[in-house]
Amino acid sequence: MILPNDFKSEYKAIEQEIQAKMQEFFAKGWYVLGTEVRDFEQEFAQFVGVEHCVGVANGLDALTLALHALEIGVGDEVIVPSNTYIASVLAVSHVGATPVFVEPNPLTHCIDPTAIEAAISERTKAILPVHLYGLLSDMPAIMKIAEKYGLFVVEDCAQAHGAHYNGKQAGAWGHINAFSFYPTKNLGAYGDAGAITTQNPEYAKKIKMLRNYGSKVRYQNEMIGYNSRLDEMQAALLRVKLQYLTTWNTMRRETAEIFRKEFAHKNWIFPTEPEGYYHVYHQFVVQSNEREKDMKELEKQGYTCLIHYPIPPYKSHAYKTQYSGHSYPIADALANTVFSLPVHGKMWNY
Ligand SMILES: *Cc1c(COP(=O)(O)O)cnc(C)c1O
């Protein structure tokens with residue numbers, strides 16, 4: 001049976017390096033904000049092609065601290081895609097701002113830039129594009145709109161490590177950008193982890209304070225901060241896995257081609273990769289009008305499929321009162337028709 005994730009096979013492929021790293025880690029005896037976090041930050045910034053990376057505890061915190069550092073809060077609005085994973089929306093709520101939903105392009109699943117301008121008000125402070133399933137949003141168009149209206153851009157790169165448009169990667173476009181290293185992501189830790197990337201040294205400094213109680217010098221607290229440090233052990237292990245990210249993204253792309261051929265006869269809508277874009281297939285998501293039947297049939301053929309995501313955030317219990325009276329038909333249609341073939345499971349088993 002091909003499961004959505006095959007972490008055991010992945011571990012086998014790098015077991016010796018991980019074991020060696022763990023021994024080194026325990027011999028050092030330094031557990032919080034040490035050289036592993038510092039070195040991972042440098043290496044990941046270089047990978048993304050930016051000046052600064054700051055490790056934090058998880059992807060939701062990366063988004064929340066990014067918005068906080070940009071001084072976005074109560075009374076402000078942030079534009080988010082209507083079909084995203086709910087974490088992108090929660091971050092906006094956690095800083096006290098209001099999420100304003102904009103529908104996606106149904107083929108790319110990413111926010112439709114042509115629909116953004118109509119959603120901008122006097123209160124809009126930022127656009128939060130999500131590179132859903134591993135395809136970069138239309139960043140040239142989004143940056144142009146942001147510039148025209150003086151808005152910040154915070155990229156949600158949780159599903160798009162290594163994705164790019166004409167060589168410029170996810171995490172290199174917006175003002176402060178957020179990554180998650182949750183185990184299932186293209187670059188996943190052995191537990192929770194996250195980071196922000198930015199070209200701006202002031203933002204990087206601010207996030208470094210925010211993640212550590214608002215403090216630069218111990219016992220001197222300059223801001224009302226958080227405890228959201230990237231764990232030193234996770235940073236050590238992420239450094240090992242970062243060396244494989246490009247190879248593993250290539251394997252995901254090969255797996256996507258295998259799925260396209262194997263299921264070419266199906267009348268599904270397959271993932272698109274527009275000209276110039278490099279999709280990293282965090283998920284291989286198809287749209288089907290007979291989703292339940294198709295998923296059952298695939299289960300019989302040995303593929304366990306999942307739905308990303310069955311309920312749009314605005315219809316979740318957490319938000320349905322706030323957004324009663326709103327309707328997002330494209331997000332609804334996608335939630336009713338999408339399902340994901342097991343990319344990670346398949347890439348370790350063909
Ligand atoms: C996983 C994910 C997050 C949150 O990351 P965590 O590390 O789980 O907090 C945010 N946005 C998107 C699009 C995600 O897929």
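Bear in mind that the values in this text are calculations on the coordinates, not laboratory data. Everything numeric in this text was worked out from a predicted model, so none of it was measured. Neighbour counts are summed over all protein chains in view; Cβ atoms, including those assigned to glycine, are modelled from backbone coordinates with ideal geometry.
Summary table below
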item: Nonlocal amide H pairs with V100, under 5 Å, H built at 1.01 Å; result: V78, I79, V80
item: Neighbour-count ranking [beta-carbon atoms within 10 angstrom, fewest first] of F47, F40; result: F47, F40
item: Neighbourhood charge, 14 Å Cβ-Cβ cut-off, centred on K293 and excluding it, Lys, Arg +1 and Asp, Glu -1; result: -1
item: DSSP-assigned coil residues among chymotrypsin sites (Phe, Trp or Tyr not before Pro) in segment 165-223, each with at most 14 further Cβ atoms within 10 Å; result: Y219
item: Beta bridges by DSSP in the chain, antiparallel share as percent, to the nearest 5; result: 65
item: The chain, helix-only ellipticity at 222 nm - DSSP H runs n ≥ 4, -39,500 (n - 2.57), divided by all residues, nearest 500; result: -11500 deg cm²/dmol
item: Interchain or long-range residues, amide H under 5 Å from T124's placed H; result: E77
item: Footprinting exposure proxy for D231, D332 (fewest neighbouring C-beta atoms within 10 Å first); result: D332, D231
item: Likely footprinting exposure, V92, V280, fewest C-beta neighbours within 10 Å first; result: V92, V280
item: Residue-count net charge about L230 - beta-carbon cut-off 13 Å; Lys, Arg +1, Asp, Glu -1; result: -3
item: Neighbour-limited loop hits for GluC sites (Glu not before Pro), segment 196-300 (at most 14 other Cβ within 10 Å; DSSP other than H, G, I, E, B); result: E222, E275, E290
item: For Q169, residues with placed amide H under 5 Å, excluding near neighbours; result: none
item: HN-Hα J in Hz across segment 119-129 - Karplus 6.51, -1.76, 1.60, θ = phi - 60°, x for Gly and Pro; result: 9, 7, 10, 5, 8, 5, 10, 7, 10, 10, x
item: Using distinct alpha-carbon pairs, which all enter the 1/r mean, Kirkwood radius of segment 1-92 in Å; result: 16.9
item: The chain: most fluctuating residue of I224, I111, I120 per GNM, C-alpha cutoff 10 Å; result: I224
item: Neighbourhood charge, 13 Å Cβ-Cβ cut-off, centred on K346 and excluding it, Lys, Arg +1 and Asp, Glu -1; result: -1
